[in-house]
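Q: Below is a structure I'd like to ask you about.
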Amino acid sequence: MSADPLLAPELDVAGWLNAREPLSLARLRGRVVVIEAFQMLCPGCVQHGLPQAQRVSASFRDADVQVVGLHAVFEHHDVQGRREALEAFLHEYRIGFPVAIDRPTGRIPATMAAYDMAGTPTLVLIDHAGRRRAQHFGQVSDLHLGAEIGQLLVEARAAAAARAATAEVGAATTAAAACTDERCEVR
């Protein structure tokens, strides 16, 4: 059986900020995941990408949509590559969602390369099953992004309802299996 070609590559990171413990896409299955790849010195990131990610984070419950920042440094490594600088940046811009520090691998960091990102800001949408469903380089309108997230949430809820219905059928079958000619017993 072959792997799903749309399955999003796992995040390959050097550390996390604003997270109690490291996150993984596997652990986030069941939720829609919004990854905002950014750099501190990227004007488009500071003016558009990160504020939009903050709005998404504030608009949806973490149980449904998880926003993850990905600090993917591919230029000005000496300034942007310092953890202390990123910590100060996140504090100053009041960014509270989890932020992964993409693992440096030379010029292009590991996760950025795995997702074949053209630069920053890049926004990636991952569905409840862990599949990469959209990837946008540059500015994305809030309306367009909201529609995409809404569609992924509808799909996630439909999948959860189907799983629940299957579980009920399984439970009914198990209960029916406890029947004899004389009685049916609930187990």
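Computed from the coordinates by the stated procedures, all read-outs in this text should not be read as laboratory data. Just so it is clear, the structure is predicted and the values come from calculations on it, not from any experiment. Virtual Cβ from ideal backbone geometry, glycine too; neighbours counted across all protein chains shown.
Q: If one takes the longest principal axis of the Cα atoms in the chain, at what angle in degrees, from 0 to 90 and to the nearest 10, does the Cα axis of helix 83-92 lie?
A: 80 degrees
Q: Here is a further query. Looking at the square roots a ≥ b ≥ c of the eigenvalues of the Cα gyration tensor of region 13-139, which shape do they give, rounded for a/c under 1.5, prolate if a/b is larger than b/c, or oblate? Walk me through the numbers on the way to the answer.
A: Details: a/c = 1.44, a/b = 1.30, b/c = 1.11.
Because its axes are fairly even, with a/c under 1.5, region 13-139 counts as rounded.
Q: So if each residue of separation counts as 0.36 nm, and I subtract the Cα-Cα distance between residue 164 and residue 46, what length gain in nm does that give? Please report the intermediate quantities before stating the final value.
A: Working: separation 118, 0.36 × 118 = 42.48 nm, distance 4.18 nm.
That pair, residue 164 and residue 46, stretches by 38.3 nm at full extension.
Q: On a 0 to 90° scale, report how tilted helix 50-59 is relative to the longest principal axis of the chain, with both axes built from alpha carbons and the result rounded to the nearest 10.
A: 30 degrees
Q: With springs only between Cα atoms under 10 Å, which of 20, 133, 107 fluctuates most in a Gaussian network model of the chain?
A: Judging by the Gaussian network model, the answer is 20.
Q: Please report 13, 73 as a ranked list, fewest other C-beta atoms within 10 angstrom at the top and most at the bottom. Mind showing how you got there, number by number?
A: Numbers: 13 21, 73 25.
Final ranking by Cβ density, sparse to dense: 13, 73.
Q: While we're here: Enter the angle in degrees (range 0 to 90, nearest 10) between the Cα long axis of helix 142-176 and the first principal axis of the Cα atoms of the chain, meaning the one along which they spread out most.
A: 30 degrees
Q: With springs only between Cα atoms under 10 Å apart, run a GNM on the chain and tell me which of 110, 88, 156 wobbles the most.
A: Residue with maximal mean-square fluctuation among 110, 88, 156: 88.
Q: What does DSSP give for the chain in terms of the percent of beta bridges that are antiparallel, rounded to the nearest 5? Write down the numbers at each step before the final one.
A: Values: 16 of 26 bridges.
Rounded to the nearest five, the antiparallel share is 60 percent.
Q: Relative contact order for the chain: what is it in percent, counting Cα pairs under 8 Å that are at least 6 residues apart? Working shown, then result.
A: Numbers: 271 pairs, mean separation 52.6, N = 187.
Here the relative contact order equals 28 percent.
Q: Here is a further query. For the residues 38, 137, 89, what sequence is obtained by ranking on other C-beta atoms within 10 Å, fewest first? Please report the intermediate quantities before stating the final value.
A: On the way: 38 26, 137 14, 89 20.
The order, fewest Cβ neighbours first, is 137, 89, 38.
Q: Can you figure out the FRET efficiency of residue 155 with residue 19, using R₀ = 25 Å and their beta-carbon distance, to the nearest 0.05? If you can, show how the numbers build up before the last one.
A: Details: r = 26 Å, r/R0 = 1.04.
FRET efficiency, residue 155 to residue 19: 0.45.
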